[in-house]
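Before any comments, here is the structure.
We did not get these values from a lab; they are worked out from the coordinates using the rules stated. From a predicted model like this one, the values you see are computed outputs, not experimental measurements. No Cβ is skipped: glycine too gets one built from the backbone with ideal geometry, and neighbour counts run over all protein chains shown.
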Amino acid sequence: MQGSIEKRGAVAIAWFDNPPVNAISHEVRQGLMDAINVAVNDDEIKALIIACRGRTFMAGADITEFGSSPKPPGLPEVVMAMSESPILKVAAIFGTTLGGGFETALACDYRIAQAGSKVGLPEVKLGILAGAHGTQRLPRVANVDFALKVMTSGEPVLVEAAQEAGAVDRVTAGDLIEDAVNYAEELIAAAAPRRPIQDMTIDKAKYDEEYFARFRESIARKTRGLNAPERSIRCVEAAVNLPFAESVLVEREMSLESHRDPQAKALQHVFFAERQANKVPGLARDAALRSIDSVAVIGAGTMGGGIAMNFANVGIPVKILEMNDEALEKGLGVIKKNYDATARKGRLSEAEVEKRMALLTGTTDYSELADADLVIEAVFENMDVKKEVFKTLSNTVRPETILASNTSYLNIDELASVVEKPERMLGMHFFSPANVMRLLEIVRAEKTSPDVLATILRLAKAINKVGAVAGVCHGFIGNRMLSGYASQANRLLLEGAAPHQLDQVLYDFGMPMGVIAMADLAGLDIGYRMRQALDETQYDVESAYLYDNLVEMGRLGQKTGAGVYDYDPGDRTPKPSSITKKLLAEAAEKFNIKQREISEEEIIERCFFSLFNVGCNILHEGMAYRASDIDTVYINGYGFPAWRGGPMHWAEHAVGLEKILDRIREFADIYGDKYWQPSPLLEQLVADGGSLRDIQNS
């Protein structure tokens with residue numbers, strides 16, 4: 001870290017340079033203390049500007065210090081010393097000033113920011129809170145509404161919004177440092193007072209208990225299961241009701257409590273897992289990358305349209321191919337409706353909608369895709385249909401064009417067998433709705449070249465997706481594991497669990513919805529059609545009895561107003577169905593399954609232990625590089641609660657590998673090896689006292 005003091009008359013600039021993002025390491029914290037001491041002891045210096053070189057002002061804590069006690073001075077000590085020092089201080093904000101960086105800026109008397117920059121307190125996403133007095137200073141200098149929004153969402157906000165709230169004093173579109181020096185000189189000339197935020201007070205009458213109750217209710221759905229947002233709210237309540245010296249003690253208590261919370265360890269595991277997922281063993285960091293300046297999508301349905309939006313959103317033109325003009329116009333119309341809905345919510349301007357739509361063009365002619373750098377197939381989930389698409393593409397596009405399938409289950413190697421130069425082929429499995437879900441499951445085929453894989457990994461980041469690499473197997477990582485999870489859920493129904501009971505237990509665990517409600521939402525006819533192409537040895541006939549009968553009755557799920565559940569017209573709330581209850585009783589009798597009371601604990605164990613066991617098999621077979629990649633897939637693609645760290649982290653750290661293996665063996669004795677064959681990897685780890693962290697495939 002390079003730190004220095006530059007004097008410009010009565011104004012001094014304390015420069016900090018700690019690439020790549022000026023993380024607040026021990027050296028930076030000590031440098032801040034030293035800069036304050038130098039300025040205070042130099043009679044010529046009347047104002048001190050805190051400034052950074054590189055691409056951003058201080059962007060937060062040094063992540064290498066996570067999980068350990070930082071070497072003193074700690075940031076709370078530093079910001080308190082800064083705030084109390086007699087020298088006038090100005091923070092020169094640019095880039096992404098987050099977490100401890102924003103807290104450092106709040107320890108200054110004034111803040112000037114580069115237009116378009118962002119500030120924020122994202123600690124809640126790591127299960128902790130802004131413990132260097134951020135929870136106390138922000139509501140005092142800005143307003144409680146703004147502070148609560150920033151702290152409980154963890155999302156960065158533009159400095160223009162921060163200025164409107166009072167957290168930033170001036171925004172400039174010019175040279176930040178020159179304008180910061182001019183601003184400091186203005187303050188000196190005007191004999192402007194120091195403004196220690198700790199001396200500011202908040203109007204208690206405006207923010208009473210009812211106000212905080214309403215706020216809690218407004219974020220309850222988004223923060224379900226999370227502890228850190230509530231702790232941040234308590235800190236803001238303390239800022240409103242207590243003097244600073246007392247309220248910082250509440251912040252300290254809440255901060256220590258959050259650091260001890262297993263949720264913090266889980267969320268920090270997720271933070272590192274998402275970054276690790278982009279690193280493929282054996283793939284050189286400097287691997288040659290291909291340019292992706294134009295994309296084509298085959299299919300204008302719900303999935304194809306959503307995929308296309310990802311690229312239009314970041315300025316990449318897309319051609320969408322459909323078999324006829326009617327399907328094409330319908331697909332483009334749905335995309336326009338999606339953008340218009342976003343605009344109505346104030347998240348896009350009309351001009352931005354038109355700009356994105358202008359990047360989307362339709363065609364019914366394969367020859368118009370010839371110049372695309374990447375073509376993504378998103379047609380019906382049928383091997384023969386997809387092979388025909390790729391045969392046509394292979395004969396149409398340039399030899400260097402990357403070809404990708406959005407298949408959820410099918411063998412990418414088999415699809416690649418019909419492609420000339422199969423090394424350009426891989427899977428790009430988007431999740432519905434594709435324009436919203438963060439996960440992109442990247443399937444590396446046997447012949448996929450390193451440069452193609454590296455290019456798609458980079459592209460995933462460019463379109464704001466979390467990319468995770470899987471090997472070629474049925475269902476890859478996510479859907480292969482889902483088969484174990486759904487299989488046990490369906491068996492539990494046959495054994496006596498009511499659909500609404502099962503779904504409620506899974507929801508209370510933290511899933512966005514239960515597996516039965518999810519099936520109704522997706523449509524029961526999807527699985528029905530897939531089963532029609534299989535023989536009875538390839539699926540669970542006993543569980544299929546319920547779904548096949550429902551579909552043949554015309555009960556396809558929410559879209560027909562009835563599925564496993566009943567639905568009132570215009571209401572998506574699932575209601576228990578007497579028809580489903582009758583069919584489950586029939587199935588139990590037909591297949592000689594004794595029905596009984598099922599406990600919540602058994603539902604959790606059977607659904608999630610089976611999910612985990614399949615995950616261990618995926619890791620054992622080398623279909624995933626790391627257990628943390630599996631966690632990344634399940635959190636971002638299937639809604640597994642991030643605060644539990646993903647299914648692999650949860651199983652090892654919240655339950656324990658030995659306990660899970662014992663239960664799997666017990667279930668195997670009861671139900672047979674068809675469903676409960678312990679993973680060899682799990683057996684090995686328990687026998688050796690090993691950890692999932694030790695497993696990395698190459």
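Structure values in brief
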read-out: Efficiency of FRET between Arg347 and Glu6 - r from beta-carbon atoms, R0 30 angstrom, step 0.05; value: 0.15
read-out: Theoretical ellipticity at 222 nm over the chain - DSSP helices of four or more residues, -39500 (n - 2.57) apiece, nearest 500; value: -14500 deg cm²/dmol
read-out: Enclosed volume per residue, in Å³, of the convex hull spanned by Cα atoms of the stretch 641-684; value: 78
read-out: For the stretch 1-70, size of Cβ-based charge dipole, Lys and Arg +1, Asp and Glu -1, in debye; value: 240
read-out: Cleavage-rule hits, trypsin sites (Lys or Arg not before Pro), the stretch 232-336, DSSP coil, Cβ neighbours within 10 Å at most 14; value: Lys279, Arg285
read-out: For the stretch 267-392, projected area of the alpha-carbon convex hull averaged over all directions, nm²; value: 10.9
read-out: Whole-number D in µm² s⁻¹ for the stretch 602-652, Kirkwood Cα-pair radius fed into Stokes-Einstein, 4 °C, 1.567 mPa s; value: 119
read-out: Residues with amide H under 5 Å from that of Gly362, placed H, sequence gap 5 or more; value: Ile320
read-out: Shape parameters for the stretch 2-260, alpha-carbon atoms, Rg then Dmax in Å; value: 17.4, 55
read-out: Global form of the stretch 53-155, assessed from the alpha-carbon gyration tensor, a/c cut-off 1.5; value: rounded
read-out: Pair-distance profile P(r), taking every C-alpha pair of the stretch 295-470, with 10 angstrom steps and integer %; value: 10, 41, 37, 11, 1
read-out: Inter-part distance where the stretch 186-262 and the stretch 327-362 are each reduced to a Cα centre, Å; value: 40
read-out: Interchain or long-range residues, amide H under 5 Å from Ala113's placed H; value: Ile93, Arg170, Val171, Thr172
read-out: 20 Å binning of all Cα-Cα separations within the chain, expressed as whole percents from 0 upward; value: 16, 43, 33, 8, 0
read-out: Vicinal HN-Hα couplings computed from phi for the stretch 19-31 (Karplus, 6.51 cos²θ - 1.76 cosθ + 1.60; Hz; Gly/Pro x); value: x, x, 10, 6, 4, 8, 6, 4, 5, 5, 4, 5, x
read-out: D (Stokes-Einstein, µm²/s), Kirkwood Cα radius, the stretch 432-522, 0.890 mPa s at 25 °C; value: 159
read-out: C-alpha long axis of helix 450-462 to longest principal axis of the chain, angle in °; value: 60
read-out: Ellipsoid semi-axes in whole angstrom, largest first, where each is sqrt(5λ) of the Cα gyration tensor of the stretch 96-188; value: 23, 13, 11
read-out: Theoretical FRET efficiency, 1/(1+(r/R0)^6), r = Cβ-Cβ of Phe591 and Glu666, R0 25 Å, to 0.05; value: 0.70
read-out: Evaluated over the stretch 186-323, the Cα radius of gyration and Dmax, each in Å; value: 25.0, 73
read-out: Rounded, prolate or oblate (a/c below 1.5 giving rounded, otherwise prolate when a/b exceeds b/c) for the stretch 511-566 by Cα gyration tensor; value: prolate
read-out: Using alpha-carbon coordinates, inclination of helix 627-638 to the longest axis of the chain, degrees; value: 80
read-out: Whole-number D in µm²/s for the stretch 497-590 (Stokes-Einstein; Kirkwood sum over Cα pairs; 4 °C, 1.567 mPa s); value: 95
read-out: Equivalent ellipsoid semi-axes, the stretch 588-698, via Cα gyration tensor eigenvalues times 5, rooted, Å; value: 26, 17, 13
read-out: Where labels lie 7 Å past Cα in the beta-carbon direction, separation of Arg170 and Met530 in nm; value: 6.1
read-out: Computed FRET value (nearest 0.05) for Asp365 with Ile202, which takes r as the C-beta separation and R₀ as 41 Å; value: 0.05
read-out: Lys, Arg +1 and Asp, Glu -1 on Cβ, resulting dipole of the chain about Cα centre, debye, nearest 20; value: 460
read-out: Contour minus Cα-Cα distance for Ala687 and Met383 (0.36 nm per residue); value: 105.3 nm
read-out: Per-residue HN-Hα couplings for the stretch 542-549 [Karplus 6.51, -1.76, 1.60; θ = phi - 60°; Hz; x = Gly/Pro]; value: 5, 6, 5, 3, 4, 5, 4, 5
read-out: For the stretch 486-494, Karplus couplings with θ = phi - 60° (6.51, -1.76, 1.60), whole Hz, Gly/Pro x; value: 5, 4, 5, 4, 5, 5, 4, 5, 5
read-out: Nonlocal amide H pairs with Arg8, under 5 Å, H built at 1.01 Å; value: Ile13
read-out: In degrees, nearest ten, helix 244-260 long axis to first principal axis of the chain (Cα); value: 30
